[in-house]
Amino acid sequence: MQDKPDMPQRKIIHIDMDAFFASVEQRDNPELKGKPVVVGGSPVGRGGVVAAASYEARKFGIRSAMPSKTAERLCPNVIFIYPRFAVYKQVSAQIREIFSRYTDLVEPLSLDEAYLDVTEDKQHIGSAIAIAQQIRESIKAELNLTASAGISVNKFVAKVASGLQKPDGLTFIAPGEVERFMSDLKVEQFYGVGKVTAQKMNKMNILTGYDLKQFTEEFLYEHFGKAGKFYYNIVRGIDNRQVEPYRETKSVGAEDTFAADLELKEDLNEAVHKLAQIVFDRLKRNNLSGRTVTLKIKYHDFVTITRSKSHPAQVTSMEEIAAIATGLLVATDLNNKKIRLLGISISNFGNEYNKGAIGWQLKLFEH
C-alpha cells in the first residue's frame with residue numbers, strides 16, 4: 001500500500017476517545033452515568049450549542065453543533081452540563097502521557113484523538129494490535145475512560161477503522177485487506193467527505209469506494225479539484241502522509257456564544273475587543289503572528305458568515321486585531337440583525353513565527 005517499495009510497512013494507530021467531554025463528566029459525577037448528557041448547551045433562555053453528547057443522548061439523535069433547544073426537544077430529560085475545558089485538557093495530557101510510553105511519533109488531531117506511528121515502538125512489542133490494546137487498557141484502568149482504536153498501514157484507513165466499533169472498540173485492517181475495505185465503504189464513510197460532496201458523488205452514481213475506483217485521476221480532479229487526486233489514491237489504499245508530532249498551527253482564534261443575542265453597537269464593540277484580547281494573548285503565548293484576520297458571525301437564525309482581511313505585514317497588537325475585526329463587522333451591513341456568536345481568528349503565519357508550534361485546538365472551545 002506504499003508508493004515506495006523500499007519503505008517499511010508502517011503500523012499506524014488512530015485512537016479516538018469515546019464521547020470524551022461527556023464521558024469525563026459522567027466519570028466525575030456518578031449520578032450522570034447511564035443518563036443522556038449534553039456538554040456545552042443550556043435550554044434556559046435562547047440556549048446554546050451542543051459541544052458533546054453522551055451515547056445515551058445520541059440514541060435520541062442528539063449530535064454536536066446542534067442547538068440545545070433542538071436537543072431538548074429530541075430528549076426532554078437531557079441533562080445539560082457547562083463545559084470544564086481545563087479539566088478536559090488535563091485529562092488529554094494524561095492520555096498523551098500514556099501514548100508516549102510507546103512512541104514519540106504522536107500527532108494530535110484534537111483533545112480526544114491522535115495518530116500514533118508504532119512502526120518502531122519503544123517497548124519493542126512489535127504488534128500494533130497489542131500496543132493499541134495496551135493503550136486502551138491503560139486508559140480504562142488509570143483514567144476510567146474508554147477509547148476506540150483503528151489500526152492499519154496508513155492514517156486514512158486507521159482513522160476510518162477507529163469509528164467502526166465505537167464505543168470501546170478495536171478494528172484492525174490488515175495490509176492485504178485495505179483495498180477491499182476501501183471498496184466496500186460508502187462514500188459517506190470516507191473521512192473528509194462531507195454531506196455536500198457525498199450528495200454530489202451520489203448524483204454521479206458514486207455510492208461506494210468501488211464506484212469511486214472506476215474513475216480516472218483526471219476525471220476526479222476535474223470534478224473535485226485537489227481532493228479528487230486524494231480520493232483516487234486513497235481508494236487504492238495509498239496514503240503516504242507521515243505522522244507528524246508537531247503539526248503546523250494554521251490559525252489561532254476564539255469565539256463566544258452570547259447569553260443573549262447582541263444588537264447594540266456598544267455591545268458588539270465590547271465583544272470584539274474582548275475576543276481580540278483573548279486571541280492576542282494566545283498568539284503571544286505561542287510566539288505567533290499572522291497577517292490574515294477572520295471574523296465569524298452567527299446570526300440569531302443560525303446563518304453563519306465569515307469575512308477576512310489580509311495585510312502585507314504581521315498584525316502585532318490587540319488594537320490592530322480589534323480594529324480590523326470591527327471594520328469587517330461594520331462592512332457586513334448588519335441591518336439590525338441580532339448576533340448570537342462572534343469569533344476572531346488569525347492565520348497566514350510567517351514561518352519564523354511558527355516553527356515548532358503545536359496546533360492543539362487553540363481556537364476550539366477555549367472560551
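A short reminder: the numbers here are calculations on the coordinates, not readings from a lab. These numbers were taken from a predicted model, which means no experiment stands behind them. Reconstructed Cβ throughout: ideal geometry from the backbone, glycine too, with neighbour counts over all protein chains shown.
Observations, loosely collected:
- Cα-Cα over 28 Å, subset of K166/K229; K155/K296; K11/K226; K89/K155; K89/K337; K122/K186: K166/K229; K155/K296; K89/K337; K122/K186
- 3J(HN,Hα) from dihedral phi, the range 160-173, Karplus parametrisation 6.51/-1.76/1.60, rounded to Hz, x for glycine, proline: 5, 5, 5, x, 7, 10, 6, x, 6, x, 9, 10, 10, 10
- Helical contribution to [θ] at 222 nm, DSSP H n ≥ 4, -39,500 (n - 2.57), averaged over the chain, rounded to 500: -11000 deg cm²/dmol
- Neighbour counts of other Cβ atoms within 10 Å put I344, I173 in the fewest-to-most order I173, I344.
- Per-residue Cβ neighbour counts within 10 Å put R58, R340 in the sequence R58, R340, beginning with the fewest.
- For I79, the residues whose modelled amide H falls within less than 5 Å of its own, excluding neighbours fewer than 5 places apart on the same chain, are V37, V38.
- Listed residue (V279, V118, V38) projecting farthest to the positive dipole end of the chain, Cβ model: V38
- Candidate cross-link partners of K213 among the aspartates and glutamates, defined by an alpha-carbon separation under 18 Å and a same-chain spacing of 8 or more, comprise D3, E177, E179, D184, E188, E222, D239.
- Cross-link partners for K309 among the aspartates and glutamates, with Cα-Cα distance under 18 Å and sequence neighbours closer than 8 places in the same chain left out: E255, E319, E320, D333.
- Fewest-first sequence of M182, M204 by Cβ atoms within 10 Å of each Cβ: M204, M182
- The overall shape of the range 178-234 is rounded: from the C-alpha gyration tensor, with semi-axes ordered a ≥ b ≥ c, the ratio a/c is less than 1.5.
- Relative contact order (%) - criterion: Cα under 8 Å, at least six apart; region: the chain: 16 percent
- Residue of F21, F219, F190 that the Gaussian network model of the chain assigns the largest fluctuation, springs spanning Cα pairs under 10 Å: F219
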